[in-house]
Structure formats: structure tokens, C-alpha cells
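Report on the structure given below.
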Amino acid sequence: MTSNLPLPAAVSLRDVGKSFGDTPALRGLDLIAPAGKITVLLGPNGAGKTTAVRVMTGAMAPDQGSVRTLGHDPERHGESIRSACGVVSAKPALYDRLSGTDNLEYSARLHGLTGSTMSTSIAMAAGRFGIDHALDSQVGGYSTGMKTRLALARSVLHDPQLLLFDEPTSGLDPESAQAVLVLIREMTDEGRTVVMCTHHLVEAEGLADHIVVLEDGTDLVAGDPASLVREYWPDDLVDLSIISTPSPLADLSFLSGVRNVQPTEEGAQIVVDDHSVIPDIVEALVKAGARIRRVTPREPTLEELYFAVRRTARDLGEGRMSVEVSR
Amino acid sequence: MNWQRTFTIARTDLRQLVLARDFWLPMTILGSIFFVIVPTFLLLGISSLGDVGAVQQISETLSLLPERAQEQIRGDTPQGRTSYALAVYLFAPMAVVVPLTISTAVGAATLVGERERGTGEFLAHSPASTREIYLGKLLASLAPGYVTTMVGFGAYSLIVNLIVGPEVGGWFFPTAQWWLLMLWVLPGFLLVGLSLVLRMSGKVRSTAAAQQASGLITLPLIAIAYAQASGALYGSANTTIMIGAATWVIGLYSTARGMGSVKRQRLLGVADGV
């Protein structure tokens with residue numbers, strides 16, 4: 001299932017399949033990453049995110065389907081595609097015995113950079129990711145955050161058009177993770193395309209221009225967050241915080257425009273046709289003797305959307321669930 | 001084929017070896033023992049013992065060597081002839097095997113090691129072709145073994161010339177046969193061995209398995225060492241040149257085949273269930 005996008009695609013996967021022995025990793029995956037945008041591949045472990053990235057660069061050949069990365073087939077034009085890609089894998093894949101500079105130089109030389117061009121690129125990338133102070137140290141002594149920053153710096157040395165980040169904040173503390181996400185946003189501000197894999201819904205929230213939800217090697221849905229919300233969560237939400245009452249919540253479900261009332265620790269989460277029903281809700285609660293602390297109209301979060309998508313897929317029998325995720 | 005990338009891969013691997021004390025320290029010690037310490041003590045011992053029974057007996061066993069080899073042995077005294085024979089036929093072949101074995105151990109770890117450390121992912125996503133990766137790794141495995149062998153052999157030559165030379169009429173080592181072996185036959189053998197070792201390194205599941213398998217591939221090297229020790233290889237220069245040429249042909253063919261054996265998927269560690 002893939003939305004129709006008006007933007008040109010930096011990456012396009014059509015009906016891609018890949019198995020390791022008897023274990024399928026990708027099953028008829030359709031995926032488009034619009035150029036100049038951040039596409040987030042969202043899914044649980046084992047959903048096929050890493051394999052999808054590997055297929056995009058030609059590091060792995062699919063068993064079936066078609067792959068186009070930057071307009072080319074990675075199997076036939078792998079070298080030119082990989083020259084235009086910057087990859088940060090789930091593990092930083094750094095050479096621990098070498099220094100930070102050695103690691104960056106290795107990558108720079110493989111991409112054809114030499115001399116002052118290479119030195120300038122290294123200095124700029126290291127400075128940008130805040131790792132310049134540690135370049136002379138052996139990478140084996142780096143913290144996880146420093147390794148991630150070095151891997152990120154390495155990925156942009158050759159000014160790639162397409163950046164592929166596989167769980168780039170894995171193992172980072174929240175502050176470092178946030179800093180990395182800000183840097184990723186900056187990448188697209190400069191016109192690059194970013195494809196990022198994550199299973200952290202909070203990370204994707206606010207960062208993703210385009211989301212592809214994967215499960216069991218196939219795409220469940222894809223699109224920009226706003227249109228996905230409209231499609232999969234057409235109703236509005238109201239968070240209700242109330243002080244002790246003689247159980248007025250049951251009365252709300254009879255109100256016109258109220259679709260569902262879910263009790264929470266603070267009060268309730270109410271699904272409504274639209275936010276215009278809020279005054280009626282407040283009035284009904286007051287009449288019932290409830291003391292209201294706060295009423296918050298809001299859009300669903302990506303997490304809620306994600307689980308709604310998965311529920312829908314399960315109901316439709318499209319997603320073959322292998323992992324049970326509880327809210 | 002981008003040779004700059006090939007050399008970059010080779011240079012980076014060599015740099016890691018240089019920084020790996022756990023690699024070069026045992027190699028230096030082992031090389032020193034076989035190239036310097038053992039020959040020095042034994043040759044000095046024989047020279048200082050003089051015309052004693054043990055030396056006489058060894059001297060008599062030289063008659064077991066092929067006639068052509070016997071003709072090459074220099075020296076007028078039993079200890080001179082014994083020292084010459086030991087220097088040319090026994091110590092040198094034994095010493096050559098040690099760094100070559102280490103070199104194959106380096107080669108065995110090179111591709112599977114990338115996969116085990118997770119750095120194979122970096123190479124798999126890099127623009128370097130699988131040929132460039134293979135040749136870079138081959139050079140990085142070939143260089144330390146061959147350079148160590150040549151350096152050690154240089155030291156060994158100096159030692160035997162200084163100790164045995166005065167007894168056999170001056171500097172004599174390396175002999176013409178040894179020059180051919182070191183510069184022509186040995187690199188060819190090394191190429192054959194390492195090209196096979198790298199192919200295995202790209203396919204097996206662990207460094208330990210690759211090193212076990214590489215032990216088998218050092219057998220031809222051990223065979224040539226024994227052949228030299230027994231004097232069997234002490235034929236005409238033409239024979240040696242032919243043997244060298246054959247090893248080069250086999251080595252280049254094996255290298256060409258090996259280039260196709262590296263798969264990006266294997267660097268990632270997911271091919272064939274690996």
C-alpha cells in the first residue's frame with residue numbers, strides 16, 4: 001500500500017522480496033522515499049527496515065521486485081549509487097583500533113577524496129557533529145554517543161545526495177538522541193534526502209515528512225503524517241482530566257458526536273466527531289456533578305496512529321502479525 | 001577497477017596490523033627465534049666445537065643429499081661443510097615457514113573479521129567493488145608476511161655469512177638458488193595460498209574456522225620447505241624457474257577466481273544463513 005506522491009522519488013521499491021533461507025525478510029515491499037524529504041521507516045524489530053536499506057544501496061540483491069535508487073538500479077549501477085549515498089548502520093561499523101581521523105580518511109579516500117579537499121571535508125563534518133575534539137583518539141575508547149557522531153560525520157564527508165540512517169539514535173541518551181535528530185533535520189534543509197529506520201515512535205514524531213509503516217517485511221501504510229492521520233484516525237480526540245465524580249463518564253457515550261469514551265488515570269480519553277462537541281461534554285459532566293480540572297482537544301500522536309494502523313491491518317488480514325505490541 | 005581504492009583498503013588494513021601489538025609482537029618474537037636466535041646458537045656451537053664426533057656424524061649424513069646438492073656444499077673441514085649444509089638446507093627453509101604461516105593467519109581473519117566486527121557493513125555500503133575489496137585484502141595479507149620474511153631472511157643471511165663465511169671461503173648466502181626461491185618461487189606460493197585463504201575467509205562463519213582451514217593451505221609451503229631441506233629442490237635453475245612460473249600461473253588464476261568470491265551480502269553476515 002503506497003500513497004501517490006507528487007514529489008519525485010529518490011528511492012523506489014516495487015514488490016521487493018528477499019529471503020534468508022526459509023525466512024522471508026521482505027515480502028512484496030512497496031516503498032517510495034520522496035526526494036529532499038525525511039522518510040521514516042517505522043516498524044518493530046524484524047519488520048525488514050534494515051534489509052530495505054541494504055537493498056537500496058545494492059549491498060544486498062533482492063530475490064524479486066524492482067529497486068530504483070536515485071533513478072538507477074543498484075544491481076547494475078551499485079558503485080555510482082553507493083558513491084552518492086551516506087549510510088549509518090545500526091551498529092556504527094567503525095574501526096576501533098584506528099583514530100577518528102583514520103576512520104574518516106578511510107571513508108573519504110574510498111569516495112575519491114584526497115589532499116586538501118579531504119582535510120576540509122573531515123574538519124567540516126567533524127565540527128558539525130561535535131566530534132572534532134576527539135579525532136586523534138582511538139575509536140575503541142569512544143562513548144556510544146561519540147561513535148554515533150563519528151559515524152554520522154563519516155556519512156556526510158562526500159556530500160551525498162541520499163542519507164540512509166538505520167536506528168541512528170540507538171544506545172544514545174535522550175539529549176544526544178535529540179541533538180542527532182536536529183542534525184538529521186538540517187541535512188534535508190540542505191536538499192538531501194534522508195531515509196531513517198526506527199522503532200522509536202517519539203523520534204519519528206515531528207521529524208518525518210513521510211512515513212512508511214513496515215511489518216513482517218511488507219509495508220502496511222505510507223504517506224505524510226497528516227494524511228495518514230486523516231485516513232486512519234478521522235475522529236478528533238479530547239483528553240479529560242477530572243477530579244473525583246460519581247461516575248459521570250457513562251453518560252457521555254449517549255451524547256451526540258461522542259464516539260468512544262476510554263477511562264484513563266486522570267479521567268478519560270474521548271473520541272469525538274469533531275471538537276465542536278466539547279461544550280456539550282463539559283456541560284454534561286458539570287450537570288453530573290463532576291469537577292473538571294482540564295479539557296484538552298488534540299490530534300492523535302504518531303504512536304496512536306501507528307497502533308491504529310496495525311489494528312486496521314490486522315483486522316483486514318493484511319499484516320501477518322508476528323510481534324504483539326501492547327499499548 | 002579503481003586501484004586507489006584497492007590501495008586504500010590495503011593501507012588501512014596494514015595500519016590496523018601495525019597498531020595491533022598482539023599481532024606484531026608474537027610475530028617478531030617468532031621470527032627472531034627462527035631467523036636469528038636458533039641459527040646463531042647452533043652455527044656458533046658447531047664452529048666452536050671443532051672436529052668432534054657429533055659434527056663428524058652430521059657431516060657424514062650429508063652424503064644422503066642428492067648428488068647435485070652435495071656438489072654445492074662448500075668448505076674443507078667437516079664443521080665448515082656441516083655449517084654450510086645446515087645454513088642452506090635446514091635453517092633457512094624452517095625459518096621461511098614461520099612468517100608465511102602468520103601471513104595466512106592474517107589473511108584468514110581479514111574478510112570474516114570485517115563481518116565479526118560489524119565493519120563489513122561499512123565496506124558493503126562503500127563504493128569499493130568486491131574486486132577492489134578482495135585485492136586490497138590480498139595485498140594487506142601478502143605484504144606483512146613477505147616483508148617479514150625478507151627482513152628476517154636478510155638478518156639470517158648476515159648471521160650465517162658472518163659465522164659460517166670464514167670457514168667456507170667468504171660470504172656465500174643467499175645462494176643463487178635461494179635468490180630464485182625468495183624472489184620468484186616464494187611470492188608465487190604465497191599468492192596461491194593467500195588467494196585460497198581469502199576465499200575461505202569470505203565464506204566461513206568465524207575467524208577461528210578460517211584459521212583452522214588456512215592451516216591446510218600452508219601445507220604446500222611446508223612441502224616446499226621440506227623439499228628444500230632435503231635438497232630435492234636443488235636442481236637446475238631452470239627447474240626452479242619453471243616451478244616459480246607454475247606457482248604464479250596458479251596464483252593468478254586463483255586470485256582471479258577469488259575476486260568473484262567476495263559478496264557484499266557475505267560482508268553483511270547474512271548470506272547463506274551466515
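Counting every alpha-carbon pair across the protein assembly as shown, the share separated by more than 37 Å comes to 51%. Each peptide among B:257-264, A:149-156 gets the average number of other Cβ atoms lying within 10 Å of its residues, and from highest to lowest they stand as A:149-156, B:257-264.
Modelled this way, with points 7 Å down the Cα-to-C-beta line, the labels at A:ARG128 and A:ARG76 are 3.2 nm from one another. Local charge for B:LEU138 was computed over the other residues whose Cβ lies under 11 Å away, with Lys and Arg +1 and Asp and Glu -1, and equals +1.
In sequence order, the stretch A:136-149 has phi-based couplings of 7, 7, 5, 5, x, x, 6, 6, 4, x, 5, 5, 5, 5 Hz under the Karplus curve 6.51 cos²θ - 1.76 cosθ + 1.60, θ = phi - 60°, and Gly or Pro positions carry x.
Remark on A:ALA25: its backbone amide H falls under 5 Å from those of A:LYS18, A:SER19, A:PHE20, a criterion applied only to residues 5 or more positions apart or on other chains, H modelled at 1.01 Å from N. Result for chain A in a Gaussian network model with C-alpha springs under 10 Å: among A:ASP236, A:ASP315, A:ASP189, the largest mean-square fluctuation is at A:ASP315.
Counting other C-beta atoms within 10 Å, and keeping those with at most 16, which DSSP coil GluC sites (Glu not before Pro) do you find in the stretch A:45-152? Can you show the working numbers first?
Numbers: sites: A:GLU75, A:GLU79, A:GLU105; in loops: A:GLU75.
Listed in order of number, the matching sites are A:GLU75.
Mind scanning A:LYS91/B:LYS263; B:LYS137/B:LYS203; A:LYS18/B:LYS203; A:LYS18/B:LYS137; A:LYS49/A:LYS91 and naming the pairs with a C-alpha gap bigger than 18 Å? The partial results should precede the final answer.
On the way: A:LYS91/B:LYS263 20 Å; B:LYS137/B:LYS203 14 Å; A:LYS18/B:LYS203 20 Å; A:LYS18/B:LYS137 29 Å; A:LYS49/A:LYS91 14 Å.
Correct reply: A:LYS91/B:LYS263; A:LYS18/B:LYS203; A:LYS18/B:LYS137.
Antiparallel beta bridges, as assigned by DSSP with both residues in the protein assembly as shown, represent about 70 percent of the total such bridges. Springs between Cα atoms under 10 Å define the GNM used for chain A, and in it the highest mean-square fluctuation of A:VAL295, A:VAL180, A:VAL139 occurs at A:VAL295. Working note: Karplus 6.51/-1.76/1.60 with θ = phi - 60° gives the stretch B:239-250 the couplings 4, 4, 4, 5, 4, x, 4, 4, 5, 5, 4, 5 Hz, where Gly and Pro are set to x.
Separation of the stretch B:71-147 from the stretch A:125-161 is 35 Å, based on Cα centroids. A simple count of charges around A:GLY223, restricted to other residues whose Cβ falls under 13 Å of its Cβ and scoring Lys, Arg +1 and Asp, Glu -1, yields -3. Using the Karplus relation 6.51 cos²θ - 1.76 cosθ + 1.60 with θ = phi - 60°, the per-residue 3J(HN,Hα) values for the stretch B:110-116 come to 5, 7, 5, x, 4, 5, 5 Hz, with x marking Gly and Pro. Going by a ≥ b ≥ c, the root eigenvalues of the Cα gyration tensor, does the stretch A:235-298 fall in the rounded group (a/c under 1.5), the prolate group (a/b larger than b/c) or the oblate group? Verdict is prolate for the stretch A:235-298.
Summarising the amide proton neighbourhood of A:MET196: residues at separation of 5 or more, or on other chains, whose placed amide H is nearer than 5 Å comprise A:THR39, A:VAL40, A:LEU41, A:PHE165. Taking amide H positions as modeled 1.01 Å from N, with prolines and chain starts lacking one, the residues under 5 Å from A:GLY86 and 5 or more places away or on another chain are A:LEU162, A:LEU163, A:LEU164. Listed by chain and number, the aspartates and glutamates placed with their C-alpha closer than 15 angstrom to that of A:LYS287 are A:ASP251; residues fewer than eight positions away on the same chain are left out.
Coordinate-derived values only; no laboratory data. Everything numeric in this text was worked out from a predicted model, so none of it was measured. Because the Cβ atoms are built from the backbone with ideal geometry, glycine has one as well, and the counts that use them run over all protein chains shown.
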